[in-house]
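Novice: Right, I'll just put the structure down here and ask away after.
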Amino acid sequence: MIVQPQLKKALLSFYRMLASALLPLTKEQGALICFLFHSLFESRAEVQSGVLDPQQGVTVEMFRAFLSHFQEQGYGFVSPRQILEGLPPGGKYVLLTFDDGYGNNLRALPAMEEFNAPAVFFISSDHVREGKAFWWDAAFREGRKRGKTEAEIRRTVAGYKRRKTEDVECDLKKELRKDALRPVGDLDRPFTPAELREFAGHRLVSLGNHTKNHAILTNYSLAEARKQIQGGQDAIQQITGKIPEMISYPNGNSSPEIQEAARESGLRLGVVVRGGKNRLPLKFEVPEAMTLKRFILWGDYGIDAQCRVSRANISLNRFLESLKVRASIAFR
Ligand SMILES: [Zn+2]
């Protein structure tokens with residue numbers, strides 16, 4: 001069944017209503033809920049600034065509201081290390097994850113300290129080493145300047161996601177400008193190596209692998225994917241002295257072979273981009289521990305409402321399957 005935008009919106013609101021209505025009947029204990037963040041913005045005006053692809057458009061204030069919701073509901077915020085040591089199965093837990101390695105992630109620290117909430121930051125190590133902008137931000141920024149619509153930009157980005165990072169970057173430099181991948185300022189740049197070293201020493205911070213060059217691993221040969229994963233491990237260790245234990249596959253793309261390759265590089269946990277709860281006790285095996293489910297939080301919908309949906313025991317994918325709607329349709 002092809003889902004039109006209007007129907008998609010209606011289905012999503014119905015799902016959210018249903019999940020929220022079922023929440024009082026839900027047994028919440030015995031689950032780990034993971035969340036994905038990218039950039040943290042100071043304000044809604046900054047989200048709209050056009051400097052970078054706003055992605056979820058989450059502000060620091062929304063992040064704080066999110067932490068407050070789960071604290072009030074008696075959830076424990078946990079680190080990858082605590083997960084590996086084994087979470088008591090009667091509890092309910094949240095893992096915070098940030099992908100890519102944006103320098104603006106430093107803005108998360110005050111709220112993390114206030115709520116004593118650890119988080120794992122998945123770093124694309126070439127971006128840190130070379131100080132280059134993320135290609136999707138360059139594509140977004142230039143697309144905007146040239147008067148492209150959001151839909152046109154999304155289509156271009158979707159096409160690029162089927163290719164290797166190196167090829168996309170080469171094309172962007174040719175099509176736009178030689179310096180298209182130079183960050184505009186503090187908002188869109190990655191961590192500097194010095195910042196990352198200091199950040200990694202914070203008691204609430206863990207670093208994770210996001211490959212060497214933000215490689216969407218399914219676009220690479222297995223040998224190349226191995227190099228991307230191991231290269232990320234080596235670089236993070238060289239920059240910070242820490243060795244990641246968890247991977248976030250760029251764009252959520254992995255395969256059983258890629259998960260096995262990650263294990264061979266010493267990674268013991270992995271996250272994908274598919275909403276849902278992870279039931280306890282976790283099985284530390286492939287694929288379970290290497291494909292933990294993860295919700296995305298959006299800035300354009302109520303934070304409390306999204307938190308409630310994630311706590312309910314009804315997954316969006318199962319809901320769609322029950323309606324015979326192709327589950328591969330990605331809702332934002
Ligand atoms: Zn990423």
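FYI, it's all coordinate maths here, none of it is from the lab. The structure displayed is predicted, hence computed values, not measured ones. Glycine also receives a Cβ, built like all others from the backbone with ideal geometry; neighbour counts cover every protein chain displayed.
Novice: How big is the range 199-274 by Rg and Dmax over its Cα atoms, in Å?
Specialist: 11.8, 37
Novice: Once label points are set 7 Å from the Cα along Cα→Cβ at both residue 164 and residue 192, what is their separation, rounded to one decimal in nm?
Specialist: So the label points at residue 164 and residue 192 sit 3.2 nm apart.
Novice: OK, next. What FRET efficiency, computed as 1/(1 + (r/R0)^6) with R0 = 25 Å and r the Cβ-Cβ distance, is obtained for residue 151 and residue 48, rounded to the nearest 0.05? Display every interim value, and only then the final one.
Specialist: Details: r = 17 Å, r/R0 = 0.69.
Given R0 = 25 Å and the Cβ-Cβ separation, E is 0.90.
Novice: If you count, for each residue, the other Cβ atoms within 10 Å and average over each peptide, how do 85-95, 56-66 line up from highest to lowest?
Specialist: On the way: 85-95: 16.5, 56-66: 19.6.
Ranking, from highest mean packing down: 56-66, 85-95.
Novice: Let me ask you something else. Hey, in the GNM for the chain with a 10 angstrom Cα cutoff, which one of 291, 192, 97 fluctuates hardest?
Specialist: 192
Novice: Give me, ordered by chain and number, the residues 5 or more places off residue 133 or on other chains with an amide H under 5 Å from its own placed amide H.
Specialist: So residue 133 has HN proximity to 182.
Novice: Follow-up. Based only on Cα atoms, what mean projected area does the convex hull of the range 1-86 have, in nm²?
Specialist: Values: hull surface 35.8 nm².
So the mean shadow area of the Cα hull is 8.9 nm².
Novice: Still on this structure, please answer the following. Going by C-beta contacts inside 10 Å, put 214, 38 in order with the fewest on the left.
Specialist: 38, 214
Novice: Moving on to the next point. So which of 164/293; 9/148; 132/178; 161/277; 132/174; 27/293 end up more than 21 Å apart, counting from Cα to Cα?
Specialist: Numbers: 164/293 25 Å; 9/148 24 Å; 132/178 12 Å; 161/277 27 Å; 132/174 16 Å; 27/293 18 Å.
Among 164/293; 9/148; 132/178; 161/277; 132/174; 27/293, the Cα-Cα distance tops 21 Å for 164/293; 9/148; 161/277.
Novice: Defining a contact as two alpha carbons under 8 Å apart and six or more residues distant in sequence, what relative contact order in percent does the chain show? Don't skip to the answer; put the middle values down first.
Specialist: Working: 601 pairs, mean separation 80.7, N = 332.
Relative contact order comes out at 24 percent.
Novice: Also, I was wondering about something else. Report ³J(HN,Hα) in whole Hz for each residue of the range 67-75, in order, from the Karplus equation J = 6.51 cos²θ - 1.76 cosθ + 1.60 where θ = phi - 60°; Gly and Pro get x.
Specialist: Working through the residues one at a time gives 4, 4, 4, 6, 5, 4, 8, x, 7 Hz.
Novice: Taking the Kirkwood radius as the inverse of the mean 1/r across Cα pairs, report the Rg/Rh of the chain.
Specialist: Values: Rg = 19.2 Å, Rh = 20.4 Å.
Ratio value, two decimals: 0.94.
Novice: So if each residue of separation counts as 0.36 nm, and I subtract the Cα-Cα distance between residue 305 and residue 27, what length gain in nm does that give?
Specialist: Numbers: separation 278, 0.36 × 278 = 100.08 nm, distance 1.78 nm.
Length gained, residue 305 through residue 27: 98.3 nm.
Novice: Now for a separate question. Going highest first, how would you order 130-140, 102-112, 273-283 by mean Cβ packing within 10 Å?
Specialist: Highest mean packing first, the order is 130-140, 102-112, 273-283.
Novice: Related question: What does the charge count around residue 92 come to, taking other residues whose C-beta lies under 12 Å from its C-beta (Lys +1, Arg +1, Asp -1, Glu -1)?
Specialist: On the way: positive: 27, 277, 279, 311; negative: 28.
With Lys, Arg at +1 and Asp, Glu at -1, the neighbours total +3.
Novice: Across the range 230-239, in residue order, what do the Karplus-derived ³J(HN,Hα) couplings come to in whole Hz, using 6.51 cos²θ - 1.76 cosθ + 1.60 with θ = phi - 60° and x for Gly and Pro?
Specialist: Coupling constants for the range 230-239: 5, x, x, 4, 4, 5, 5, 5, 5, 6 Hz.
Novice: For the range 170-184, just list the computed ³J(HN,Hα) in residue order, Karplus coefficients 6.51, -1.76 and 1.60, θ = phi - 60°, integers in Hz, with x standing in for Gly and Pro.
Specialist: These are the phi-based 3J(HN,Hα) values: 4, 4, 5, 5, 6, 6, 9, 8, 4, 9, 4, 9, 8, x, 7 Hz.
Novice: What full-extension length gain, to one decimal in nm, is calculated for residue 322 and residue 72 as 0.36 nm per residue of separation minus the Cα-Cα distance? Walk me through the numbers on the way to the answer.
Specialist: Working: separation 250, 0.36 × 250 = 90.00 nm, distance 3.24 nm.
Once the chain is fully extended between residue 322 and residue 72, it gains 86.8 nm.
Novice: Quick one: length gained pulling residue 14 to residue 253 fully straight, 0.36 nm per residue minus the C-alpha distance? Let's see the in-between values first.
Specialist: Values: separation 239, 0.36 × 239 = 86.04 nm, distance 2.81 nm.
So the extension gain works out to 83.2 nm.
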